[in-house]
Amino acid sequence: MTREEKSIAIENLTAQLAGTNIIYISDISGLNAETTSNLRRACFKAGIKLEVVKNTLLAKAMEASSNDYGDLPTVLAGNSAIFISDVANAPGKIIKDFRKKSDKPVLKGAYINSEVYIGDNQLDALATIKSKEELLGELIGLLQSPAQRIISALQNKFAGSEEEGAE
């Protein structure tokens, strides 16, 4: 790879990093062609971009980015693939699902909304993070709950007074 090609690759990675707040870094080496293809297909269906990257180029892109990746560049050793997503728990769920049949992908680390997670032991926590949509749904449910109780109480009160008037 020439210096110019490396520079272009770093610029492209930096732009990708700037466009998202959710990045998982994993090791997918050793997966056979069929499993890798299935992983890519599952990522595509979930709206996740999966890309194998050179560690040095990703480290330079992280350095050039306006985001603070903390200690995340320290996990860049061996083979690395990045999962870029709009949903915080989606890559975690896919990795966890694939781990039912294989010991890979291995989670190296993740950057989610300015939080840095290091190590494969974080996978369960990351897979259960609630997505923005799930949190909004819960919030709306909580906000509607008191209003529904009031409406129900009023309906019961009016139903009770109508029955009294009918007698």
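The values are calculated or read from the model by the stated rules, or taken from the named source; none is laboratory data. Note that this is a predicted model, so its numbers are computed, not measured. With ideal geometry, Cβ positions are generated from the backbone for all residues, glycine too; neighbour counts draw on all protein chains shown. Surface areas here come from the heavy atoms of the whole protein model, side chains and all, with no ligands, DNA or RNA. Shrake-Rupley method; radii C 1.70, N 1.55, O 1.52, S 1.80 Å.
Pull up the stretch 11-33, narrow it to residues that are over 12 Å from the mean Cα position of the chain (by Cα) and at pLDDT 90 or above, then point me to the one that is least open to solvent (accessible area, probe 1.4 Å).
26
Given the conditions (1) exposed (fewer than 10 other Cβ atoms within 10 Å of the Cβ); (2) at pLDDT below 80, report the number of the one that residue 101 does not fulfil.
Residue 101 satisfies every listed condition except (2).
Among the residues of the stretch 104-120, is there at least one that is at pLDDT 85 or above and either acidic (Asp, Glu) or part of a helix (DSSP H, G or I) (or both)? Steps first, please.
The first filter runs over the stretch 104-120 and keeps only residues at pLDDT 85 or above, leaving 104-113, 115-120.
Pick out the ones that are also either acidic (Asp, Glu) or part of a helix (DSSP H, G or I) (or both) and you get 115, 120.
Scanning the stretch 104-120 turns up at least one residue that is at pLDDT 85 or above and either acidic (Asp, Glu) or part of a helix (DSSP H, G or I) (or both).
Within the stretch 121-139, can you find the residues that are open to solvent by 50 Å² or more (accessible area, probe 1.4 Å) and at pLDDT 80 or above?
The first filter runs over the stretch 121-139 and keeps only residues open to solvent by 50 Å² or more (accessible area, probe 1.4 Å), leaving 121-122, 124-125, 128, 130, 132-136, 138-139.
121, 122, 124, 125, 128, listed by residue number.
With the requirement that a residue be open to solvent by less than 90 Å² (accessible area, probe 1.4 Å) and out of contact with any strand residue (DSSP E or B) (no Cβ under 6 Å at 6 or more places or on another chain), what does the stretch 53-67 give you? Talk me through it step by step, then tell me what you get.
Restricting attention to the stretch 53-67, the residues satisfying the condition of being open to solvent by less than 90 Å² (accessible area, probe 1.4 Å) are 53, 55, 57-59, 61-62, 64-65, 67.
57, 58, 59, 61, 62, 64, 65, 67, listed by residue number.
Scan (1) buried (at least 17 other Cβ atoms within 10 Å of the Cβ); (2) under 15 Å from the mean Cα position of the chain (by Cα) for the single condition residue 115 breaks and write down its number.
Unmet for residue 115, out of (1) buried (at least 17 other Cβ atoms within 10 Å of the Cβ); (2) under 15 Å from the mean Cα position of the chain (by Cα): (1).
Just checking, does the stretch 68-91 include any residue being open to solvent by less than 50 Å² (accessible area, probe 1.4 Å), more than 20 Å from the chain's Cα centre (by Cα) and at pLDDT below 90?
Among the residues of the stretch 68-91, not one is open to solvent by less than 50 Å² (accessible area, probe 1.4 Å), more than 20 Å from the chain's Cα centre (by Cα) and at pLDDT below 90, which makes the answer no.
When the residues of the stretch 1-10 are filtered to those that are in contact with a Leu (Cβ under 8 Å, 6 or more places away or on another chain) and open to solvent by less than 80 Å² (accessible area, probe 1.4 Å), which remaining residue is farthest from residue 113 (Cα to Cα)?
Residue satisfying both the conditions and the ranking: 9.
Is it the case, given these coordinates, that residue 50 is in a helix (DSSP H, G or I), under 21 Å from residue 129 (Cβ atoms) and either within 18 Å of the chain's Cα centre (by Cα) or modelled with pLDDT of 90 or more (or both)?
no
Specify which of the listed residues (106, 87) is in contact with an Asp or Glu (Cβ under 7 Å, 6 or more places away or on another chain) and in contact (Cβ under 8 Å) with a residue 12 or more places away in the chain.
When all the criteria are applied, what remains is 106.
Could you tell me which numbered condition residue 78 fails, if it satisfies all but one of (1) in a loop (DSSP other than H, G, I, E, B); (2) over 19 Å from residue 99 (Cβ atoms); (3) not charged (D, E, K, R)?
The one condition residue 78 does not meet is (2).
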